[in-house]
There are 2 protein chains.
Amino acid sequence: MNRTAQHLVSHNIKPSAQRIAIMKYLMEHPTHPSVDKIYCDLLPDMPTLSRTTVYNTLRVLEENDALITLNIDSKNVRYDGNVMPHAHFMCRSCGKIYDTALPEGILKEIPGMETFQIDAIKLYYKGLCQECQEKENNNKE
Amino acid sequence: MNRTAQHLVSHNIKPSAQRIAIMKYLMEHPTHPSVDKIYCDLLPDMPTLSRTTVYNTLRVLEENDALITLNIDSKNVRYDGNVMPHAHFMCRSCGKIYDTALPEGILKEIPGMETFQIDAIKLYYKGLCQECQEKENNNKE
DNA sequence: TACAATGTTGTAATGATTACATATATGATT
DNA sequence: AATCATATATGTAATCATTACAACATTGTA
């Protein structure tokens with residue numbers, strides 16, 4: 001059993017060829033891909049793959065905490081195989097999503113709302129990455 | 001000109017009957033409603049209102065910073081007329097969305113990513129509100 | 001009143017996601 | 001290995017939120 005299959009088993013997911021391929025893709029592509037990106041990129045090496053299978057598999061992976069879903073892009077749900085707590089920055093110009101650090105003190109509790117039980121935290125930043133800031137500045141000149 | 005119309009003008013939005021009604025609804029209902037909730041609730045008093053108008057108006061309001069959009073609920077976009085910086089908590093049992101405080105230190109910059117220009121921050125918590133925690137505990141007994 | 005610009009409406013199209021029925025693969029038992 | 005039950009994968013069709021677009025209405029101005 002390969003490394004990716006072991007990873008799935010450690011999350012209580014029965015490995016299948018499709019599940020391994022999708023999990024492997026997510027681990028090798030920390031680009032926060034959409035369903036369609038995953039499907040289209042895997043199709044050449046897996047011609048029988050179905051879009052439905054991608055949806056089903058991503059749901060199984062999420063339910064077993066093998067990935068997290070991002071709703072930072074209003075157009076598409078994005079998927080992230082990195083389940084360590086972290087935040088995300090999306091550039092409104094180039095659309096790229098970057099992993100960023102989660103500021104200290106966020107994980108504990110909500111100030112004034114200590115009675116809430118927190119299961120998950122999503123922190124999304126939107127703005128301009130350095131590259132796109134420079135492009136905007138160049139266009140002004 | 002009434003208070004809501006003035007509010008729109010202060011955001012550089014030309015007031016119309018529909019825009020005033022939608023803005024007023026958002027200010028009087030800090031419940032983070034969906035498009036459909038807004039549409040259905042306003043329809044009795046505004047029988048000619050169109051769903052498209054609600055979509056159009058919400059976009060205009062957002063573009064002029066008169067509201068913020070929430071992608072905390074994967075099923076529906078939610079709208080919030082409170083544009084002061086704050087975070088949100090959504091209960092996975094009852095579905096209610098609560099306004100919460102934004103922890104100190106978040107607004108400044110991302111640790112290790114100081115070159116990013118941050119325009120907006122969304123902080124979403126998910127978990128169980130106190131009421132639903134108690135319900136779950138009662139069911140166990 | 002006439003005119004131009006802006007806002008509203010309804011219908012139809014789009015596109016992501018889900019439901020569902022069928023087919024395939026897996027694993028255990030004989 | 002053959003059988004069987006269960007789990008997984010596939011393809012099509014349906015759903016539902018959102019957008020595109022064209023026709024209509026309103027507003028403000030001359």
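The values are calculated or read from the model by the stated rules, or taken from the named source; none is laboratory data. Just so you know, these numbers come straight off a predicted model, no measurement behind them. Virtual Cβ from ideal backbone geometry, glycine too; neighbours counted across all protein chains shown. The accessibility values were calculated without ligands, DNA or RNA, using every heavy atom of the protein model including side chains. Shrake-Rupley method; radii C 1.70, N 1.55, O 1.52, S 1.80 Å.
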- Item | Matching residues, segment B:83-105, being touching a Pro at 6+ places or on another chain (Cβ under 6 Å) and either within 22 Å of A:VAL77 (Cβ to Cβ) or touching a residue at least 12 places away in the same chain (Cβ under 8 Å) (or both) | B:ALA101, B:LEU102
- Task: Among the numbered conditions (1) at pLDDT 95 or above; (2) more than 12 Å from DNA strand D (Cβ to nearest atom), tell me where A:MET23 comes up short.
- Result: (2)
- Can you give me the number of residues within segment A:26-62 that are within 18 Å of A:HIS88 (Cβ to Cβ) and either small (Gly, Ala, Ser) or at pLDDT below 95 (or both)? 1
- When you look at B:ILE20, is it within 10 Å of DNA strand C (Cβ to nearest atom), in contact with a Ser or Thr (Cβ under 7 Å, 6 or more places away or on another chain) and assigned by TED's automatic domain parsing to the domain that holds B:ARG78, yes or no? yes
- Query: within 16 Å of DNA strand D (Cβ to nearest atom) and without any contact (Cβ under 8 Å) to a residue 12 or more places away in the chain: does that describe B:GLU63?
  - Reply: yes
- Output the residues belonging to segment A:119-141 that are open to solvent by 50 Å² or more (accessible area, probe 1.4 Å), in contact (Cβ under 8 Å) with a residue 12 or more places away in the chain and within 23 Å of A:PRO85 (Cα to Cα). A:LYS126
- Of the residues that make up segment A:81-89, is at least one within 13 Å of DNA strand D (Cβ to nearest atom), more than 19 Å from A:THR4 (Cβ to Cβ) and modelled with pLDDT of 95 or more? no
- Would you point out which residue out of B:LYS96, B:LYS75, B:LYS24, B:LYS37 is charged (D, E, K, R) and touching a helix residue (DSSP H, G or I) at 6+ places or on another chain (Cβ under 7 Å)? B:LYS24
- Look at segment B:74-101 and say how many of its residues are in a loop (DSSP other than H, G, I, E, B) and facing another protein chain (nearest Cβ under 9 Å). 4
- Name every residue in segment B:90-118 that is within 15 Å of A:ALA120 (Cβ to Cβ), within 19 Å of the chain's Cα centre (by Cα) and either open to solvent by 70 Å² or more (accessible area, probe 1.4 Å) or at pLDDT below 90 (or both), in order of residue number. B:ARG92
- Item | Of residues in segment A:28-49 being surrounded by fewer than 13 Cβ atoms within 10 Å (Cβ to Cβ), more than 19 Å from A:ARG78 (Cβ to Cβ) and within 13 Å of DNA strand C (Cβ to nearest atom), the one nearest to the other protein chains (Cβ to nearest Cβ) | A:THR48
- Restrict the check to segment A:55-62 and report whether at least one residue is under 20 Å from A:LEU123 (Cβ atoms), surrounded by 13 or more Cβ atoms within 10 Å (Cβ to Cβ) and of a type in the set (Val, Ile, Thr). no
- Query: Only one of these conditions is not met by A:ILE13: (1) away from DNA strand C (no atom under 13 Å from the Cβ); (2) crowded, with 20+ Cβ neighbours inside 10 Å; (3) assigned to a loop (DSSP other than H, G, I, E, B). Which number is it?
  - Reply: (1)
- Message: Given the criteria within 14 Å of another protein chain (Cβ to nearest Cβ), within 16 Å of DNA strand D (Cβ to nearest atom) and on the phi < 0 side of the Ramachandran plot, does A:ASN71 qualify?
- Response: yes
- Starting from segment B:36-52, keep only residues that are in the same structural domain as B:LYS75 (by TED's automatic domain parsing), then list their pairs with residues that are among the β-branched types (Val, Ile, Thr) and open to solvent by less than 70 Å² (accessible area, probe 1.4 Å) whose Cβ atoms are within a distance under 6 Å, requiring at least 6 positions of separation or different chains. B:ILE38/B:VAL54; B:TYR39/B:VAL54
- Query: For segment B:102-126, what are the residues that are aliphatic (A, V, I, L, M) and either facing another protein chain (nearest Cβ under 7 Å) or in a strand (DSSP E or B) (or both)?
  - Reply: B:ILE106, B:ILE110, B:MET113, B:ILE118, B:ALA120, B:ILE121, B:LEU123
